[in-house]
Amino acid sequence: MLAHRIKSIGEDTGTPPVVIGYSMGAVQASVIARRVRITGAILIAGPLKGGKVHPILNDGIKEVQRDIAFRGDRPDGCWGTCNCSFSTDLEEGLPDDVPIVCYIALLDSLVERQSCRGEGSNCVNVEVLDTHLGIPYNGQLLLDMFFHSLPSLFLEP
């Protein structure tokens, strides 16, 4: 549903949008980058490929699993050995044809920071000295994102 909305924004405006995601939103944005034509993606503190998370997040993860199970035909939700298109797209990693900036919180104690790193020549990793919960409020990150990362996604190489 979100991918469909992003696609329609691109069609309505004539310009593919940039998607920005934080934490689980970064995971969703990385999958959207595989499914919909976008100009670029900014991913903030999101575990892109199977990173470990702090046990305190497990209750939230289980709630998402229950929600997925409730909405579909997956009694165990979408987890582990699931072969749904979201899991498959996530496992394939970031697309090679979309510029991506990944912000990594160096003091992150909730998400394994190595899993927040993007790979490939189209990906720039920016390390920020902050925590997982503090990074969205980091003024330096916001300045960098709006005055460096976003404009660079729109410039031709």
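All of the numbers you see were taken from the coordinates with simple rules; none came from a lab. Note that the structure is predicted; figures quoted are calculated from it, not measured. Here the Cβ positions follow ideal geometry from the backbone for every residue, glycine too, while neighbour counts run over all protein chains shown.
A few comments on the model shown:
- Within a straight-line Cα-Cα reach of under 17 Å, residue 62 can be paired with the following lysines, leaving aside sequence neighbours fewer than 8 residues apart in one chain: 52.
- Projected label distance in nm at residue 106 and residue 144, using a 7 Å step from Cα toward the beta-carbon: 0.9 nm
- Sorting 137, 103 by the number of Cβ atoms found within 10 Å of their own Cβ, with the fewest placed first, yields 137, 103.
- Close amide H partners of residue 132, meaning residues 5 or more places away or on another chain with modelled amide H under 5 Å apart, are 108, 109, 110.
- The range 10-16 - phi-based ³J(HN,Hα) in whole Hz, Karplus 6.51/-1.76/1.60, Gly and Pro as x: x, 5, 5, 8, x, 10, x
- Ignoring lysines fewer than eight residues from residue 7 along the same chain, the ones with Cα atoms less than 29 angstrom from its Cα are 49.
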